[in-house]
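Notes for the one structure printed next.
The values are calculated or read from the model by the stated rules, or taken from the named source; none is laboratory data. For clarity, every value in this text was computed on a predicted model and none was experimentally measured. Please note: Cβ atoms are built from the backbone with ideal geometry, for glycine as well, and neighbour counts cover all protein chains shown.
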């Protein structure tokens, strides 16, 4: 997990690699565009009973069963029903060293921009609504704040909480 | 009418090589997996020669040769035994039992065909 | 049919021979005096040497030759069978396997094995030098030392019985003629009067003048089989005949020295492909299985579309394809099934070596070798089973003196059994050793903070802590079990195969690990049900029957969830409740009775939709821990449905039953 974290961080802090920006409940998020496989219109979602709200859905992505994660749960946001703008961002990431394909719900997908254009500031430790470890940093893009979620850390934390429950 | 050779060997791969070599050269081949089966096939088929391994389960090659030679149909039928040793004592023993000749493993296909020419003709 | 490949035939044969050798050696370690076993082992070696050299496996033949030479001393009674000898012979056997698997890589590693082997069988403990270069001896064929001559005079007389013994003198003469022009004169001096004449005896001698410039050996070779029993003289002709002899010299009848091409080519192609052919075939089967999986999903989709269409032609094609896909699926799966016995054989050796190393006496008993499982499953079971068996012998089994003191026989027993049970295979490893120490496990679990000192747990519950990461109760860490790899790894591996593992144990009497595994990993026929607005698949092989939920049960009376199924009380689970479904229940709910092992449980659902092919997709790490589901599948309409984990549901129903009945039923069957 740490590897992914460091990698992503290096990438985000380093020189130009494109980032995908998307909106969740009025906030703008950015993730490394290289990890994005595709963006889907809202498909049929199969609910997984008794799974935590963060990841309680499954979708069919070209014959693969892919779990769906909702960052709005992580960042304690409202979760309205999907509308015409709702999209699924399919990303590839490492979970416990294993390659995984995951879907992330986005209220709206905005843009692909160069991360250089985003001024990255360290997440302010004080006054944040959110768990600082879930953030790689805060950036600015076109006058708005952009949140850089630490995808690796978010999933690691989720897996840990699952393990705690099982044990 | 092609000549019929009986090959007796407990090793399928050796049997297969022998059969392949002989049938390619135009002989008919009958196979047996041990001495007892070999005796049964040698005495119930018209064979022109026998190629047998010595070390086999159920009935070994020497016992086969002795038993077969005691059967009248074996008169004049060449028996070639296969051996991995160039052990003279073994050759003497096999010859005393009634073997005609031997072939040392590993042999090449041409060697085997040469031996067959020698004992049964082309 | 393609032409048989001698190298592959040899590899197959070698597998069988090495297996026979290993079994004989292991049997010998139990009974040092069985001559028949010695003969069996020797014969396996002998055949291996012969066919190895014939099939172009020269390294193998050379090594086995030395192996056999050493073993021959045992066969002749010159060296005794000992445990040490069996051990080294087993090493030697392993080495042969390596030589076959990867030619040209391991040759050097064989030297110390052979040296040890020869040291053991040597007289007075002095090692006889391993018999030299093990290149197979061939009939001597040196270059003629006395050069050539313009021709030869060959005089010979065959042994009297030569003809009866299969020698045809005419063929010998023909062979001489093949060497060059011959003048042949028969010597009939010894022919008896007719009354004494035996048609099978050769009375004639021959005097042959061969006018050809051939080496002496070529002539000697003609009489190869008879040379030491016959009269033979070969003398060079005088020089003045030299010009006459040159004609026939172009066609020497000597045996060509080149290795026969087809054999060599076969051997080369075999070593190129490496590994055992079965493995290659299995990979192709995996590809095939993947394709069949995709086909089945596509076919389900087609059937669904056809079902909504008025087009008769489309429906009929869809039906054909459905039938073909089902046949293809069944055939593919059946081809992949292999008896688990192929795996069991390997463990015999493991048990032997372990018992040896640990100074324990262990008897290994196997049952159900013929039980069939998917090939991949068998392969992936190997490591977990090795680990469980190791644990049984290392931790479970006591030393002989301890066993004796406890009133047991000095020799312990490890039992490995496999049996089909519904859609599952149950594999168990049991020992009659000391059993698990519940107190020690408890102490460990408390120490690790897994349970509080106050927690009240049955022994059975305590035992399951062995599967926690990093949990090891062996008091002394041995080289066998070591640290690091624990039963948690075993559990993960088994769960990765959609299986379960359970430990039962009784102090002083032994421990039993039971694995339950599905027959196959890829596709199952499923029953599709609806619970609320979710659809779920239940492996059809686990379904025993479907019933209407009796009106008396619909209300959901508290606690006692039992159905009377023809006189048997079957516990049931309300999936609507388990899954937290909001949608209103159907008026007529159904109960699907499923079985796992000896237990049955009813699952209450809203609707039974029908049967469907389910190509099993495993759940990601995010959902693997949920437990109720063994995987997911994609339905004909493209949506995902979860597959219910019947074994898990049954065990949770069982727990519920235990709670309700208020007594500890102990370990259920």
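Considering the range C:341-422, the qualifying strands (runs of 3 or more DSSP E), each wholly inside and each with 3 or more residues that are farther than 30 Å from residue C:647 by Cα, run over C:361-367. Residue C:55 - would you say it is surrounded by 17 or more Cβ atoms within 10 Å (Cβ to Cβ) and closer than 18 Å to residue B:53 by Cα? Considered against the rule, which asks whether it is surrounded by 17 or more Cβ atoms within 10 Å (Cβ to Cβ) and closer than 18 Å to residue B:53 by Cα, residue C:55 comes out as yes.
Scan the range C:180-194 and give yes if some residue there is within 14 Å of another protein chain (Cβ to nearest Cβ), in contact with a helix residue (DSSP H, G or I) (Cβ under 8 Å, 6 or more places away or on another chain) and touching a residue at least 12 places away in the same chain (Cβ under 8 Å), otherwise no. The answer is no, given that none of the residues of the range C:180-194 is within 14 Å of another protein chain (Cβ to nearest Cβ), in contact with a helix residue (DSSP H, G or I) (Cβ under 8 Å, 6 or more places away or on another chain) and touching a residue at least 12 places away in the same chain (Cβ under 8 Å).
With respect to the conditions (1) exposed (fewer than 15 other Cβ atoms within 10 Å of the Cβ); (2) under 30 Å from residue C:19 (Cβ atoms); (3) in contact with a helix residue (DSSP H, G or I) (Cβ under 9 Å, 6 or more places away or on another chain); (4) modelled with pLDDT under 85, residue C:334 falls short on a single one, namely (3). You will find that of A:143, A:152, the residue that is within 14 Å of chain C (Cβ to nearest Cβ) and modelled with pLDDT under 90 is A:152 and no other. Within the set A:73, A:66, A:90, the sole residue that is assigned to a helix (DSSP H, G or I) and either crowded, with 20+ Cβ neighbours inside 10 Å or within 13 Å of chain C (Cβ to nearest Cβ) (or both) turns out to be A:73. There is no residue in the range C:33-42 that is farther than 22 Å from residue B:60 by Cβ and in a helix (DSSP H, G or I).
Listed here are the residues, each with its yes/no results for (1) at pLDDT below 70; (2) part of a helix (DSSP H, G or I); (3) over 35 Å from the mean Cα position of the chain (by Cα).
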site	(1), (2), (3)
C:266	yes, yes, no
C:275	yes, no, no
C:278	yes, yes, no
C:282	yes, yes, no
C:288	no, yes, no
C:295	no, yes, no
C:304	no, yes, yes
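Looking across the range B:96-115 at every residue that is assigned to a helix (DSSP H, G or I) and more than 7 Å from chain C (Cβ to nearest Cβ), the one that is nearest to residue C:218 (Cα to Cα) is identified as B:115.
Is it fair to say residue C:17 is touching a residue at least 40 places away in the same chain (Cβ under 8 Å), within 13 Å of another protein chain (Cβ to nearest Cβ) and within 21 Å of residue C:345 (Cα to Cα)? No: the conditions fail for residue C:17. Based on what the data block shows, is residue C:72 modelled with pLDDT of 75 or more and more than 24 Å from residue C:356 (Cα to Cα)? Yes.
Of the residues contained in the range C:230-246, one or more are found to be surrounded by 15 or more Cβ atoms within 10 Å (Cβ to Cβ), within 14 Å of another protein chain (Cβ to nearest Cβ) and at pLDDT 70 or above. Looking only at residues of the range B:27-55 that are part of a strand (DSSP E or B) and without any contact (Cβ under 8 Å) to a residue 40 or more places away in the chain, we find that the one that is surrounded by the most Cβ atoms within 10 Å (Cβ to Cβ) is B:32. Which residue, of C:591, C:570, C:529, is modelled with pLDDT under 90 and either part of a strand (DSSP E or B) or more than 30 Å from residue A:45 (Cα to Cα) (or both)? Answer to the selection: C:570.
More than 7 Å from chain C (Cβ to nearest Cβ) and in a helix (DSSP H, G or I): is that true of residue B:64 in this structure? So residue B:64 passes the test. Restricting the range B:1-26 to residues that are closer than 16 Å to residue B:80 by Cα and surrounded by fewer than 22 Cβ atoms within 10 Å (Cβ to Cβ), the residue that is farthest from the other protein chains (Cβ to nearest Cβ) is B:4. Filter the range A:108-130 for residues that are modelled with pLDDT of 75 or more and out of contact with any helix residue (DSSP H, G or I) (no Cβ under 6 Å at 6 or more places or on another chain); which is farthest from residue A:86 (Cα to Cα)? The extreme case among them is A:114. Within the range B:67-84, the set of residues being surrounded by fewer than 17 Cβ atoms within 10 Å (Cβ to Cβ) and either without any contact (Cβ under 8 Å) to a residue 12 or more places away in the chain or over 23 Å from residue C:171 (Cα atoms) (or both) comprises B:70, B:71, B:72, B:75, B:76. Of the residues screened, residue C:153 is one that is at pLDDT 85 or above and outside the structural domain of residue C:18 (by TED's automatic domain parsing). Return yes when residue C:627 is out of contact with any strand residue (DSSP E or B) (no Cβ under 7 Å at 6 or more places or on another chain) and more than 7 Å from chain A (Cβ to nearest Cβ) and no when it is not. Yes, satisfied. Taking into account only those residues within the range B:79-95 that are outside any strand (DSSP E or B) and within 24 Å of residue B:4 (Cα to Cα), which is farthest from the other protein chains (Cβ to nearest Cβ)? Within the range B:79-95, the match that is farthest from the other protein chains (Cβ to nearest Cβ) is B:94. Restricting the first member to the range C:635-663 and to residues that are assigned by TED's automatic domain parsing to the domain that holds residue C:543 and closer than 30 Å to residue C:295 by Cβ, and the second to residues that are outside any strand (DSSP E or B) and at pLDDT below 80, the beta-carbon pairs closer than 6 Å and six or more apart or on different chains are C:648/C:627.
Yes/no per residue for (1) more than 14 Å from chain B (Cβ to nearest Cβ); (2) modelled with pLDDT under 85:
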residue: C:89; (1), (2): yes, no
residue: C:95; (1), (2): yes, no
residue: C:113; (1), (2): yes, yes
residue: C:116; (1), (2): yes, yes
residue: C:120; (1), (2): yes, yes
residue: C:127; (1), (2): yes, yes
residue: C:135; (1), (2): no, yes
residue: C:138; (1), (2): no, yes
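Checking the stated criteria, residue C:596 turns out to be at pLDDT below 85 and away from chain A (no Cβ under 14 Å).
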